[in-house]
Structures are given as structure tokens and as C-alpha cells.
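Structure, as C-alpha cells:
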Amino acid sequence: MKKKMSWIALVSVLALMGSLLAACGGSGGTGASKEPDGNSSGAATTLRFATWDTGDALKIEQEIAKKFEESHPGTKVQVEAYADGFDQKLAAGFGAANPPDVMYMWDFPTYHQSLEPLDSYASKDEDLNIDDFYQGLFNYGKIENQLYGIPAGFTTRVVYYNKKMFDDAGIAYPSDGWTWSEFQEIAQRLTDKSKKQYGFGVRAENDTYDLQGFVWSNGGSFISEDGTTIEGYMNSKETAEAIQMLGDMLKNGSAVLTGGKGQQSGEDIFKAGKIAMWESGIWPLESFREAGIDVGTVEMPAFEGKPVKGVLAESALSIAKDSKNKDLAWEFIKFYVSDEAIKMRVADLPVRVSVVNELKKDQDPLYKPYYTMLERSDNTPAFLLNPKWNEVNRQLSAAVESVMFGSDAQEVLNQAVKDSERYLK
């Protein structure tokens, strides 16, 4: 606190001296260097960066901020860790016209009107090397064909499997190109209720965003491509079949419900060696390895005769429209998605082709399925297609949850459509 007060006092004295010199010197220049976005004072420019990360990921981001400061004298990056309160704090900042300059972003339909369009920055700045990014990632940061976010990290979804449990049962490891029929057969064979051991874990509360990969793979969808219609899509035969498959696995006992009230999470049960297969993104991989699980990954299964489809979870970086340091914010984003910074962020999957090639991530058996699924993730998620999707999704989420507890998927999806159509009018 003393150091802070001393700094404030010093700045005040310098400001007063500058005013006196300006008064005595008339129209003569002071010689102060001009900062980006017009800051001509000698004081440091503070750039605010908001993140949802905590723990080791946050520490890495703080290190990246320090490196940026070293290469940009006179700049102080203030890393603001919002954690679970990210959306509330971000919305409050926008509402008060005092948002962070740069922020992690994924919910572009909600926030895009408060964000700076980045098309002109990205297209004119050769240093970004935009062609080095996996191009499909940019689709998730666009609203009405305007770009509001630069990809920083992503994950697709894969199936994790416990190699020891497969070995003990004499079952060959799954490989790319397998089907849901094969998946269900393996799950049955790896289930031993006397040991409280199951082939697969199904979430009690599923995020419908993540379920879109299942649904698309069966030829279904939650909403039409133009974002206007849910009748015949959310309750189509194909959509219902995909959701019902999970409910049926719970009914026949080849899967166990996870993460519900009083239940362990799927990740914890997998680490305990009590479920053989688990579906997720990149997030739990390191914890599985730390737990001593001999874990493998494989792309998602296919429905018979249909192409596998995936869904992305992407973290992008955006600039606030109200930021007074937009040019400096852009420089920070460029640094954050540079080869150097990407290699520092070990918990993220690299978004640059050159980094993936250098690190041979796409050749590593553990990481290759994520990039295989990236090639299959070209559908547009429902929340990007209709601004009222959050209201519709409440009915859909309730319907999906009821299927996990025994309801018929076709019936509850029909009802969800009836309850939701008023939001699309």
C-alpha cells in the first residue's frame, strides 16, 4: 500500500511540474513520446485483460502479460481473473461503460454489440499471419459475417478410454472409424455391476451445446440452418434417436449416471477406474494422467453410414468497443496468439498450423483425435443462429435431462418444441 501511495504521489508531482513547464513554455513541445491511441503523457498505459481462468492457466497468462510488458515499455497489463463470475463481471463492466480492454470471449451473440469488429485489424495486419490459423475456428467468432474474436484456444470432443480395463477384458482398443453400435457393445462387455464398474458415464445434466455433435452425426439438428425453425429439427427422428441412445444405455445398465445430486463427476469416476469410457474435451486429460490412468483417446463414433460431426469449444480474444487503447489491445492479442505465447499455454490446443506441425501434436496418438474432430466440426451451433436461443434452450435442456431419468426422447422433444416456438416469433 505504501508503494502504491508513493507512486500516486510521484505521478501527481510530475503532473504538476508538467503543467508549470507548459505554462512557462507557451506552445513549445514537451518532448513526451506519443503512446498508442493518443496517450501523450509519460505515464504508463494500463491495459486491462479479463480471463475466466484460474490456477496454473492463470499463472501462465500472467507470465505472458509480463513478456508483453517487456517488449512494450511503458505498458502495464492488468490481468483480471473473473473465474466463475466472468459473465456477471463482464456484463457489469459493459453496463458501466468501463469494460476491460481485452477479454476472453465465446458468447458472441450476447456481447458482440459491445465488442470492436476486428475484420480490418485482421485483414490488414500481416504480422498476424491469419492463414496460419485453422480457418474453421474463425466461424465461431463471427456474427452476421463480422469478426469479433481471434481464436486463442479450442477443444473438440473425443472419447477417453482406460487401457487397463480394456486389456483386462481382452478387448481391442477403439480406433477412428468405429460406430456407436460397436461403442455400445464394448460398453456392455466392460460393465460389471458387482464391482460397480460400467462401460460409460452419462451426465445427469448435459450441456445441450456439447450434445450437438451427437445430433449432427445422426443427421439431426436443434434448429434450421437459417436459425428460424425448430419444428422438425429439435424434435426430428434423428435428433430424438441420438438423445435416446444415451437414455437407453442408462436403462440397460451399460452406463452409469454421473454428476447428479449426491453423485461423483464423470471425471472422478473415470480416475477411480470405475468407468471404462468417458466423453469430453481436452480439459481432464492432464488430471487423468496425473491420476496414473493409462488413458487413450479416440475420435467420436459414427452412426451407421453417416459422417461423424463434431462441435468446438473455443476461447477467443476480443476488444471492447469502449476501450481507449484499441491499437495497444490489438498488439496484445497478436502477442497472445503468437508462436511463443501459444507454446506457453500448455493446457490449450494450439490454434496455429505451424505450431501443431512443429510440436507434432497431430501425430501424437493422445492429441491427434482432437485435430481429426476439428476437421469434422464445420456445423454452426444453434446459439450462433438465433439471438433468442437461450430461451429455447431452457426447454431443450429440461427435456434432455428428463430423458436421462427415463422419459421418451421423442415425446419430451415434441413438448419442448411446443413450449419454445413462441420465442421464435
Treating the beta-carbon of each Lys and Arg as +1 and of each Asp and Glu as -1, no other charges, what is the dipole magnitude of the range 139-247 about its Cα centre, to the nearest 20 debye?
560
On the protein heavy atoms, probe 1.4 angstrom, tell me the percent of accessible surface of the chain carried by carbon and sulfur.
49
Pairs of alpha-carbon atoms within less than 8 angstrom and 6+ residues apart define the contacts here; what relative contact order does the chain have, in percent?
23
Counting only Cα, what are the radius of gyration and maximum Cα-Cα distance Dmax of the range 291-344, in Å?
19.3, 54
Please report the orientation-averaged projected area of the range 108-266, defined via the convex hull of its C-alpha atoms, in nm².
13.4
The answer for the per residue Cα convex hull volume of the range 235-379, in Å³, is 201
Assign unit charges at the C-beta atoms only (+1 for Lys and Arg, -1 for Asp and Glu), then state the dipole size of the chain relative to its Cα centre in Debye, rounded to the nearest 20.
1160
For a quick check: with amide H placed at 1.01 Å from N, whose amide H comes under 5 Å from T258's, ignoring anything fewer than 5 positions away on the same chain?
V202, R203, A204
Rounded to the nearest Å, what's the spacing between the alpha carbon centres of the range 91-155 and the range 377-416? Just the number, please.
27
Under a cut-off of 27 Å between alpha-carbon atoms, report the lysines in cross-link reach of K124, not counting same-chain residues fewer than 8 places apart.
K34, K66, K67, K76, K142, K321, K324, K326, K334, K343
Global size of the range 309-425 as Cα Rg and Dmax, reported in angstrom
20.2, 54
Whole-Hz ³J(HN,Hα) from phi, Karplus 6.51 cos²θ - 1.76 cosθ + 1.60, for the range 416-425, glycine and proline x
4, 5, 4, 6, 9, 4, 5, 6, 9, 7
Say we join alpha carbon atoms closer than 10 Å with springs in a Gaussian network model of the chain; which of S323, S221, S287 then has the biggest fluctuation?
S287
Taking placed amide H atoms and a strict 5 Å upper bound, the residues 5 or more places from M300 or on another chain that come that close are V159
Just to check I understand the Karplus step: with θ = phi - 60° and J = 6.51 cos²θ - 1.76 cosθ + 1.60, what whole-Hz values come out for the range 374-387, glycine and proline as x?
4, 5, 9, 9, 10, 7, 9, x, 4, 5, 8, 9, 8, x
The chain - accessible surface per residue (Å², probe 1.4 Å)
48
Along the range 151-156, what does the Karplus equation 6.51 cos²θ - 1.76 cosθ + 1.60 (θ = phi - 60°) give for ³J(HN,Hα), rounded to whole Hz, x for Gly and Pro?
x, 10, x, 7, 8, 9
Gain in span if fully extended, Q88 to D248, counting 0.36 nm per residue against the direct Cα distance
53.8 nm
Restricting to the chain, what percent of DSSP beta bridges are antiparallel, rounded to 5?
60
Within the range 155-311, how many Lys pairs that are eight or more residues apart, or on different chains, come under 16 Å at the alpha-carbon?
13
If one takes the longest principal axis of the Cα atoms in the chain, at what angle in degrees, from 0 to 90 and to the nearest 10, does the Cα axis of helix 326-336 lie?
50
Which value in deg cm²/dmol, rounded to the nearest 500, describes the helix-derived mean residue ellipticity at 222 nm for the chain, given -39,500 (n - 2.57) per DSSP H run of n ≥ 4 and division by the residue count?
-12000 deg cm²/dmol
Probe 1.4 Å, all protein chains in place: accessible area of D176 in Å², nearest 10?
80
Which of L115, L396, L58 fluctuates most in a GNM of the chain (C-alpha springs under 10 Å)? That residue is L58
Quick one: which residues, 5+ away or cross-chain, put their amide H under 5 Å from the amide H of E279? H built at 1.01 Å from N.
Y160, G201
Only Cα pairs within less than 10 Å get springs; with that Gaussian network setup on the chain, which residue of G227, G262, G74 has the largest fluctuation?
G262
Over what distance in Å are the Cα centres of the range 182-220 and the range 279-304 separated?
13
Between K59 and M344, what is 0.36 nm times their sequence separation minus the Cα-Cα distance? Round to one decimal in nm.
101.5 nm
Length released on extending from N129 to D226, taking residue separation times 0.36 nm less the Cα-Cα span
31.8 nm
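The values are calculated or read from the model by the stated rules, or taken from the named source; none is laboratory data. If you're wondering where the values come from, they're calculated on a predicted model, not measured in any experiment. Cβ atoms come from the backbone with ideal geometry, glycine included; neighbour counts cover every protein chain shown. These accessible areas exclude ligands, DNA and RNA; they are computed on the full protein's heavy atoms, side chains included. Shrake-Rupley method; radii C 1.70, N 1.55, O 1.52, S 1.80 Å.
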